[in-house]
1. Over what distance in Å are the Cα centres of segment 7-51 and segment 170-229 separated?
2. With 10 angstrom as the radius, rank LYS297, LYS338, LYS95 by how many other C-beta atoms surround their C-beta, starting from the fewest.
3. Per 10 Å bin, what percent of the C-alpha pairs of segment 1-111 does each bin hold, from zero upward?
4. Between SER35 and ASP369, what is 0.36 nm times their sequence separation minus the Cα-Cα distance? Round to one decimal in nm.
5. So what is the calculated 222 nm ellipticity per residue for the chain, using -39500 (n - 2.57) for each DSSP H run with n of 4 or more, over all residues, to the nearest 500 deg cm²/dmol?
6. Where nothing but the Cβ of Lys and Arg (+1) and of Asp and Glu (-1) is charged, how large is the charge dipole of segment 232-361 around its Cα centre, in debye to the nearest 20?
7. Semi-axes of the equivalent ellipsoid for the chain, please: Cα gyration tensor eigenvalues, times 5, square-rooted, ordered largest first, whole Å.
8. Using the 2.2 N^0.38 Å rule of thumb for compact globular proteins, work out how segment 1-53 stacks up: its C-alpha Rg over that value, please.
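Readers should treat all values here as calculations from the given coordinates under stated rules, not as data from a laboratory. Values in this document were obtained by computation on a predicted structure and should not be read as measured data. Every residue, glycine as well, gets a Cβ built from its backbone with ideal geometry; the counts of neighbours run over all protein chains shown.
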Amino acid sequence: MRTQVAIIGAGPAGLLLGQLLSRQGIDNVIIERKSGDYVLSRIRAGVLEQGMVQMLEEAGVAERLHREGLVHDGFSLAFDGRRHRIDLKGLTGGKTVTVYGQTEVTHDLMVAREGIGATTIYEADDVVLHDFDGASPRVSFVKDGVRTELACDFIAGCDGFHGVSRRSVPEGAIQEFERVYPFGWLGVLADVPPAAHELVYASAERGFALCSMRSATRSRYYVQVSLDEEVEDWSDERFFDELRRRLPEDVAAAVTVGPSIEKSIAPLRSFVAEPMRFGRLFLAGDAAHIVPPTGAKGLNLAASDIHYLSQSLIEHYRDRSDTGIATYSQRALARIWKAERFSWWMTGLLHKFPANTPFEQRMQRAEFDHIANSTVGSAGVAENYVGLPY
Ligand SMILES: Cc1cc2nc3c(=O)[nH]c(=O)nc-3n(C[C@H](O)[C@H](O)[C@H](O)COP(=O)(O)OP(=O)(O)OC[C@H]3O[C@@H](n4cnc5c(N)ncnc54)[C@H](O)[C@@H]3O)c2cc1C
């Protein structure tokens, strides 16, 4: 088998890259470890920056997004019961975010890929990357018990944090930066109307809580929990009680309780691997970096990496220029580190850290007061939340 670009991973990064390349006539094959149904069953992000929406338009997969996505002009920060609205649209000269589930983005990209007849190999085991430091890289994998080899010009490692691509890079060639937070998020998805029509990020004495949504009838709620908590110990009743205790009174009163259709605990981590190119191997999305979900940047960063990577590859094939390839890592990382900073900062502002002293707790409150009483303070939050320019 041969292709121009071998893409490892059929998450949003891999599928979006495949779609953008296919539309430019660049042949690509996606190799995915899981089945398509499994990929679609993972409930993850749901807030899209305007830049990501534009990329989905470019990829020709934004029709349902524009029909069903909820455009949000703002969101609220709450601190000890006080609420402050960040007017995204007013503070950024008209920019907004769109609420549309990652599962829906993935679904739309999969349908489009099927429509153009591009190849995706699902349930590929034991994926191995070969010779990406030379001119003729290859990817091999086992499908239905048979090892197959795919020769290519480039490999795009879009296989998430636990994927094989980053691990295939020789140890001395990669530098990793990491912060692991001493808590996680317990998330519940429920088919009940959201408590508020915009997202509410709340910091309370008992810990952080987030009211989010996937549609006008589907809510996504989170509460900060310690890392030793088990999902099984959280009945729906216990979850909703805890959620309401952490929210401002008016928001708590508007929470509609309903049976969860998904419940899970996600640990929080900040992580960056540098660089993001090794010869003819590129890393993109969670394969290269992780942010805590505070700030809604993970999925959006995967899309912005694909913006730089797809442009670089298109320039290589169409314009015979490798300038984009040579500067991919540098350009992607410049934006990644700013999103890492914002996610780390928002996590620090809103969570209860077990080791925080009373001084640090006062600093959190002072930070909130500054944002709530300063247009400049609020504008900084808004500018980052809608997404920095590509
Ligand atoms: C539980 C959870 C909740 C999240 N919530 C939010 C949120 O609220 N807001 C937010 O902004 N972000 C959130 N994120 C982050 C966001 O979902 C990710 O940033 C996004 O999925 C990154 O896309 P990706 O394509 O880079 O990686 P992924 O979505 O991880 O896709 C990688 C793909 O590669 C495949 N793969 C892995 N290993 C191999 C292999 N060896 N061979 C072949 N294929 C392989 C995987 O099966 C997967 O399909 C969440 C993440 C998790 C895990």
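1. Here the answer is 23 Å between Cα centres.
2. Fewest-to-most ranking of LYS297, LYS338, LYS95: LYS338, LYS95, LYS297.
3. Spelled out bin by bin, segment 1-111 gives 13, 37, 29, 15, 5, 1, 0 percent.
4. Numbers: separation 334, 0.36 × 334 = 120.24 nm, distance 4.78 nm.
Length gained, SER35 through ASP369: 115.5 nm.
5. It lands at -11000 deg cm²/dmol.
6. 600
7. 37, 22, 21
8. Values: Rg = 12.7 Å, N = 53, 2.2 N^0.38 = 9.9 Å.
After normalising by residue count via 2.2 N^0.38 Å, the value is 1.28.
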